1. I'm trying to understand the selection: among the residues of the range 25-42, which are within 22 Å of the chain's Cα centre (by Cα) and either under 14 Å from residue 1 (Cβ atoms) or of a type in the set (S, T, N, Q) (or both)?
2. Please work out if residue 90 is hydrophobic (A, V, I, L, M, F, W, C), open to solvent by less than 40 Å² (accessible area, probe 1.4 Å), at pLDDT below 95 and in a helix (DSSP H, G or I).
3. So how many residues does the range 113-146 have that are over 17 Å from residue 180 (Cβ atoms) and of a type outside the set (Val, Ile, Thr)?
4. Would a scan of the range 129-149 turn up a residue that is open to solvent by less than 30 Å² (accessible area, probe 1.4 Å), of a type in the set (Gly, Ala, Ser), closer than 18 Å to residue 89 by Cβ and under 17 Å from the mean Cα position of the chain (by Cα)?
5. How many residues are surrounded by fewer than 15 Cβ atoms within 10 Å (Cβ to Cβ) and in a strand (DSSP E or B) when one looks only at the range 8-20?
6. So in the range 150-190, with the set limited to residues that are among the β-branched types (Val, Ile, Thr) and under 17 Å from residue 137 (Cβ atoms), which one is surrounded by the most Cβ atoms within 10 Å (Cβ to Cβ)?
7. Count, please, the residues in the range 103-128 that happen to be outside any loop (DSSP other than H, G, I, E, B), touching a strand residue (DSSP E or B) at 6+ places or on another chain (Cβ under 8 Å) and open to solvent by 40 Å² or more (accessible area, probe 1.4 Å).
8. Here's a check for you: in the range 62-87, which residue that is under 19 Å from the mean Cα position of the chain (by Cα) and among the hydrophobic types (A, V, I, L, M, F, W, C) is surrounded by the most Cβ atoms within 10 Å (Cβ to Cβ)?
Amino acid sequence: MRLTTIQTPDGPRAAVLQGDAYIDLHAADAALPSSVRQLLEGGPAMLQAAKEAVGRSDAVRIPAAGVKLLPPIPDPPKIICMGLNYRDHAAETGAKVPSEPVLFSKFSTALIGPEESIVLPSVSHKVDYEAELVLVVGKKGRHLTAAAALEHLAGYTIGHDVSARDWQLEKDGRQWLAGKTFDTFAPLGPVL
């Protein structure tokens with residue numbers, strides 16, 4: 001099932017991409033939540049109900065060509081990112097390959113849909129980009145084994161990690177958070 005969030009006259013709605021159309025899940029079944037995050041939090045039973053709603057003959061199909069896509073999950077409680085996660089990128093930036101992952105965060109205000117425009121900040125003159133694989137955690141967990149961690153994975157999507165390299169790498173103290181999380185610096189999607 002390919003989940004996403006679409007903009008509707010009733011606000012953002014969880015939707016499923018099916019062929020060349022999106023199905024608004026809450027419109028198909030009012031018992032389903034209107035957000036993808038809430039849908040995932042509902043667990044397997046909620047996802048099964050979503051699959052059943054998509055299969056209904058009266059489910060409203062909205063042509064994909066006219067839909068405004070939002071990030072698949074526009075309201076995540078956390079966005080945790082990994083930097084310098086492959087050798088070529090570390091070499092490109094002149095950084096040493098770290099022995100442990102370099103973690104940083106992005107704010108949800110950085111998220112935009114896959115077709116929205118990135119706004120370049122006037123205070124930066126070295127904006128860069130990277131394509132990313134985004135893993136979406138759908139179930140809480142702590143101190144998990146590698147095998148158990150996969151049980152918590154809800155799916156994946158495509159991300160665009162935009163960085164103001166002058167803020168991230170050249171400011172006193174190397175401001176990773178500021179350099180990585182300007183508004184619009186995290187296009188995401190189209191689907192989970």
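1. First, the residues of the range 25-42 that are within 22 Å of the chain's Cα centre (by Cα): 25-26, 32-42.
Passing the criteria: 25, 32, 34, 35, 36, 38, 39, 40, 42.
2. Working: hydrophobic (A, V, I, L, M, F, W, C): yes; open to solvent by less than 40 Å² (accessible area, probe 1.4 Å): yes; at pLDDT below 95: yes; in a helix (DSSP H, G or I): yes.
It is true that residue 90 is hydrophobic (A, V, I, L, M, F, W, C), open to solvent by less than 40 Å² (accessible area, probe 1.4 Å), at pLDDT below 95 and in a helix (DSSP H, G or I).
3. First, the residues of the range 113-146 that are over 17 Å from residue 180 (Cβ atoms): 113-117, 122, 135-146.
Retained after the next criterion (residues that are of a type outside the set (Val, Ile, Thr)): 113-117, 122, 135, 138-144, 146.
Here the count works out to 15.
4. Of the range 129-149, the ones open to solvent by less than 30 Å² (accessible area, probe 1.4 Å) are 130, 136, 138, 148.
Retained after the next criterion (residues that are of a type in the set (Gly, Ala, Ser)): 138, 148.
When the remaining residues are screened for being closer than 18 Å to residue 89 by Cβ, the result is none.
No, every residue in the range 129-149 fails to be open to solvent by less than 30 Å² (accessible area, probe 1.4 Å), of a type in the set (Gly, Ala, Ser), closer than 18 Å to residue 89 by Cβ and under 17 Å from the mean Cα position of the chain (by Cα).
5. Initially, the range 8-20 is screened for residues surrounded by fewer than 15 Cβ atoms within 10 Å (Cβ to Cβ), giving 9-11, 19-20.
Narrowing the set further to residues that are in a strand (DSSP E or B) leaves 11.
The number of residues fulfilling the criteria is 1.
6. Initial filter on the range 150-190 (among the β-branched types (Val, Ile, Thr)): 157-158, 162, 181, 184.
Among the residues that remain, those that are also under 17 Å from residue 137 (Cβ atoms) are: 157-158.
Working: 157: 21, 158: 15.
So, considering only residues that are among the β-branched types (Val, Ile, Thr) and under 17 Å from residue 137 (Cβ atoms), the one surrounded by the most Cβ atoms within 10 Å (Cβ to Cβ) is 157.
7. Going through the range 103-128, the residues outside any loop (DSSP other than H, G, I, E, B) turn out to be 103-105, 108-112, 127-128.
From what's left, touching a strand residue (DSSP E or B) at 6+ places or on another chain (Cβ under 8 Å): 103-105, 110-112, 127-128.
From the residues that got through so far, the ones that are open to solvent by 40 Å² or more (accessible area, probe 1.4 Å) too are 103, 105, 127-128.
The number of residues fulfilling the criteria is 4.
8. First pass over the range 62-87, keeping only residues under 19 Å from the mean Cα position of the chain (by Cα): 67-83, 85.
Still in the list and also among the hydrophobic types (A, V, I, L, M, F, W, C): 67, 69-70, 73, 79-82.
Working: 67: 20, 69: 22, 70: 25, 73: 29, 79: 19, 80: 12, 81: 19, 82: 14.
Applying the filter and picking the extreme gives 73.
The values are calculated or read from the model by the stated rules, or taken from the named source; none is laboratory data. These numbers were taken from a predicted model, which means no experiment stands behind them. Positions of Cβ are backbone-derived with ideal geometry, glycine not excepted, and every protein chain shown enters the neighbour counts. Ligands, DNA and RNA are stripped out before the accessible areas are found, and what is left, the full protein with its side chains, is counted by its heavy atoms. Shrake-Rupley method; radii C 1.70, N 1.55, O 1.52, S 1.80 Å.
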